[in-house]
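Shown next, in structure tokens, is the structure this report addresses.
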Amino acid sequence: MAEMFLGLCPVLENRKLARKTYLMRLEAPAIARSGRPGQFVMVQTGPYPESGGGPLLKRPFSIHRLGPGDEIALLYRVVGVGTKLLALVRPGESLELLGPLGRGFDPPAGMKRAYLAAGGVGLAPLLALAEDLAGQADLTLFYGEAAAADLPPESYLKLFPAEIVLTTEDGGAGEKGLVTRPLARALADDPAPVLACGPAAMLAEAARLAQAYRVPAWVSLEARMACGLGACLGCAVPINKGGYARVCTEGPVFRAAEVQWP
């Protein structure tokens with residue numbers, strides 16, 4: 001297990017990519033060196049609690065990119081108090097991070113082809129994964145958003161070393177509908193392993209499709225967390241063999257067949 005880092009990390013960039021989506025780059029050498037795609041960090045999103053200006057608990061964020069150099073990047077969407085404060089952070093300020101945490105993606109060696117599937121801000125862990133797999137497997141990224149306004153610019157999407165298939169629920173860009181629709185067509189035409197992150201309903205459908213086409217699948221689950229270390233049990237999810245697993249320690253990445261889907 002990689003050694004965990006706890007400390008202040010300088011913010012290098014914090015910019016808006018889409019309607020409510022931001023990209024943050026931080027100087028975090030220890031995390032950049034030891035992190036793996038699919039792992040996450042806990043971030044103090046605002047002024048420290050003793051100042052009375054920010055949330056008491058850190059928030060979990062997938063590691064979006066590892067490197068270049070000593071950098072890491074986070075991709076996040078403004079949805080609540082913590083992320084609203086995070087969007088106000090300026091380059092030159094520092095945030096306290098704990099990480100890398102959790103179990104990342106561990107696809108088998110020798111894959112010739114793989115399908116990455118992202119719903120909304122579920123795109124977050126997949127850039128690091130795509131860069132890790134580049135040169136080993138032919139990659140297709142299926143990426144879905146609610147509307148065209150939620151999509152980052154094309155220049156950003158070009159960072160992904162993959163063929164990109166876009167969907168929007170309103171039909172404003174790409175194919176109209178859910179991201180699992182073109183994924184299903186691809187699996188029917190050329191079955192390949194699936195690696196996915198997004199809303200629970202999307203992941204459940206991706207897991208069903210993988211089972212139907214007899215390919216392995218890995219999913220990165222989202223859950224509310226208080227500690228990120230497995231102590232509070234607030235992120236437990238039911239699993240098929242009985243009982244529960246903690247998203248922060250046994251996950252966030254699971255084999256799709258392990259999870260008990262609704």
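The values are calculated or read from the model by the stated rules, or taken from the named source; none is laboratory data. Bear in mind the structure is a predicted one, so any value in this text is a computation, not a measurement. Quick reminder, even Gly has a Cβ in these numbers, built from the backbone with ideal geometry, and neighbours come from all protein chains shown. Note: areas computed on protein heavy atoms with side chains; ligands, DNA, RNA excluded. Shrake-Rupley method; radii C 1.70, N 1.55, O 1.52, S 1.80 Å.
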* Structure fact -> Under the rule rounded for a/c under 1.5, else prolate if a/b exceeds b/c, else oblate, using alpha carbon gyration tensor axes a ≥ b ≥ c, the range 88-210 is classed as oblate
* Structure fact -> FRET efficiency for ASP170 and SER34 from the Cβ-Cβ distance with R0 = 45 Å, rounded to 0.05, comes out at 0.65
* To do: Would you pull out the residues with amide H under 5 Å of CYS227's amide H, same chain only if 5 or more places away, H placed 1.01 Å from N?
  => CYS232
* Structure fact -> Charge tally for neighbours of ALA173 with beta carbon under 14 Å away, counting Lys, Arg as +1 and Asp, Glu as -1, is -4
* What ranking do 220-232, 134-146 get when scored by the average of other Cβ atoms within 10 Å per residue, highest first? -> 134-146, 220-232
* Structure fact -> Around CYS227 (Cβ within 12 Å, Cβ-to-Cβ, excluding CYS227; K/R +1, D/E -1) the net charge comes to +4
* Taking amide H positions as placed in the peptide plane 1.01 Å from N, state which residues far from ALA117 in sequence (5 or more) or on other chains have amide H under 5 Å from it. => PHE142, LEU195, ALA196, CYS197
* Extension gain from ARG15 to GLU154, taking 0.36 nm per residue of separation minus the Cα-Cα distance -> 48.5 nm
* Using the charge dipole of the chain (Lys, Arg: +1 at Cβ; Asp, Glu: -1 at Cβ; taken about the Cα centre), state which of GLN44, ASN14, ILE31 has its Cα farthest towards the positive end. => GLN44
* Asked: What is the distance in Å between the Cα centres of the range 88-110 and the range 183-252?
  -> 19 Å
* To do: Can you check what the net charge comes to around ARG25, using other residues whose Cβ is under 13 Å from the Cβ of ARG25 (Lys, Arg +1; Asp, Glu -1)?
  => -2
* Using the charge dipole of the range 114-215 (Lys, Arg: +1 at Cβ; Asp, Glu: -1 at Cβ; taken about the Cα centre), state which of LEU151, LEU195, ALA173 has its Cα farthest towards the positive end. => LEU195
* Structure fact -> Descending packing, highest mean Cβ count within 10 Å first, for 15-23, 237-245 is 15-23, 237-245
* **Check: the range 76-194 dipole with +1 on Lys, Arg Cβ and -1 on Asp, Glu Cβ, in debye** => 140 debye
* Provide the per residue accessible area, probe 1.4 Å, for the range 75-121, rounded to a whole number of square angstrom. => 45 Å²
* **FRET efficiency for ASP189 and LEU6, using Cβ-Cβ distance with R0 set to 35 Å, rounded to 0.05** => 0.15
* Among ALA87, LEU116, LEU56, whose Cα sits farthest toward the positive end of the charge dipole of the chain (+1 at Cβ of Lys/Arg, -1 at Cβ of Asp/Glu, about the Cα centre)? -> LEU56
* Structure fact -> Along the range 183-194, Karplus-curve 3J(HN,Hα) (6.51, -1.76, 1.60; θ = phi - 60°) to the nearest Hz, with x for Gly and Pro, reads 4, 4, 5, 5, 5, 5, 7, 8, x, 7, x, 10
* Only loop residues by DSSP count here, and only those with at most 15 other Cβ atoms within 10 Å; note down the trypsin sites (Lys or Arg not before Pro) in the range 127-214 that meet that. => LYS158, ARG214
* About its Cα centre, how strong a charge dipole does the range 79-119 have in debye, to the nearest 20, once Lys and Arg get +1 and Asp and Glu get -1 at the Cβ? -> 240 debye
* Structure fact -> Given backbone amide H placed at 1.01 Å from N, residues whose amide H is under 5 Å from that of CYS9, ignoring those fewer than 5 places away on the same chain, are LEU95, GLU96, LEU97
* Scan the range 1-47 for GluC sites (Glu not before Pro) in coil per DSSP, keeping those whose Cβ has at most 12 other Cβ atoms within 10 Å, and list them by number. => GLU3
* **Between 0 and 90°, nearest 10: helix 200-212 axis offset from the chain longest Cα axis** => 30 degrees
* **Fully extended contour minus Cα-Cα distance, from ARG224 to MET111, at 0.36 nm per residue** => 37.5 nm
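Classify the range 1-152 as rounded, prolate or oblate from the Cα gyration tensor: take a ≥ b ≥ c as the square roots of its eigenvalues, call it rounded if a/c is under 1.5, otherwise prolate when a/b beats b/c and oblate if not. The partial results should precede the final answer.
Details: a/c = 2.17, a/b = 1.37, b/c = 1.58.
Oblate, since a/c reaches 1.5 and b/c is not below a/b.
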* Which value, in debye to the nearest 20, gives the size of the charge dipole of the chain about its Cα centre, when Lys and Arg are +1 and Asp and Glu are -1 at the Cβ? -> 380 debye
* Asked: Restricting to the chain, what percent of DSSP beta bridges are antiparallel, rounded to 5?
  -> 60 percent
* Structure fact -> Phi angles of the range 99-115, converted by Karplus (6.51 cos²θ - 1.76 cosθ + 1.60, θ = phi - 60°) into ³J(HN,Hα) in whole Hz with x for Gly and Pro, give x, x, 10, x, 9, x, 6, 9, x, x, 5, x, 5, 8, 8, 8, 10
